[in-house]
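Read the figures in this text as sums done on the coordinates, not as results from a lab. Source: prediction; values computed, not measured. Cβ placement follows ideal geometry from the backbone for every residue including glycine, while neighbour counts extend to all protein chains displayed.
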Amino acid sequence: MSIINFPQRQPIEPAFFPDIREDGYHIYSIENAKIPSFYPSDIPNYPGVVFKDIREDDIITIRIFFDVKKDNNIRIESGYIDLELEFVDDKKVMAVITTVLPEEFALNQGNSIEVFQEEILYRVDLK
């Protein structure tokens, strides 16, 4: 009897891994969450925001996924970060990260990033 070696199947990666491979992070999207198996099933649903309700200097919260491994294998950590809005238009905002993040992450406190409406989970009400 001979031994037959079958090629090993590569595990199917989540759909957001290409963003992480390219940028080192991926911002959770409420729209993408509607696609079955796009994100892990244990992630809750979020209310989101309406752009007409947000203004410059507001604090918003997003969920972000980071690659915390330095080689070709991805090891993902995710969590919430707060950002202060610098600029708001009809479809996107520019915001500066106010949350302190580990140095090895692709983004850090003080970085300014573009965020779209479907990526904003909450508007922090400081009043």
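Electrostatic tally near Phe66: other residues with Cβ closer than 9 Å to its Cβ, Lys and Arg +1, Asp and Glu -1, net -3.
With no solvent and one equal point scatterer placed on each C-alpha of the stretch 17-124, evaluate the Debye formula and give log10 I(q)/I(0) for q = 0.10 Å⁻¹, two decimals. Ignoring solvent entirely, the Cα scatterers give -0.28.
In order along the stretch 81-86, the phi-based Karplus estimate (6.51 cos²θ - 1.76 cosθ + 1.60, θ = phi - 60°) of 3J(HN,Hα) comes to 10, 9, 9, 9, 5, 9 Hz; Gly and Pro are listed as x.
Once both labels are positioned 7 Å from their Cα atoms along Cα-to-Cβ, the gap between Arg75 and Val124 label points is 2.9 nm. Each part gets one Cα centre, and for the stretch 13-52 versus the stretch 80-113 those centres are 17 Å apart.
Count the lysine pairs in the chain whose Cα atoms sit under 26 Å apart, keeping only pairs 8 or more residues apart in sequence or on different chains.
Here the count comes out as 8.
Using R0 = 35 Å, the C-beta based FRET efficiency linking Val50 and Ala15 works out to 0.85.
Can you give the extra length, in nm with one decimal, that the chain gains between Ile59 and Phe87 once fully stretched, where that is 0.36 nm per residue apart less the Cα-Cα distance?
Between Ile59 and Phe87, full extension yields 8.9 nm more.
Each Lys and Arg Cβ is given +1 and each Asp and Glu Cβ -1; about its Cα centre, the stretch 17-124 then shows a dipole of about 340 debye.
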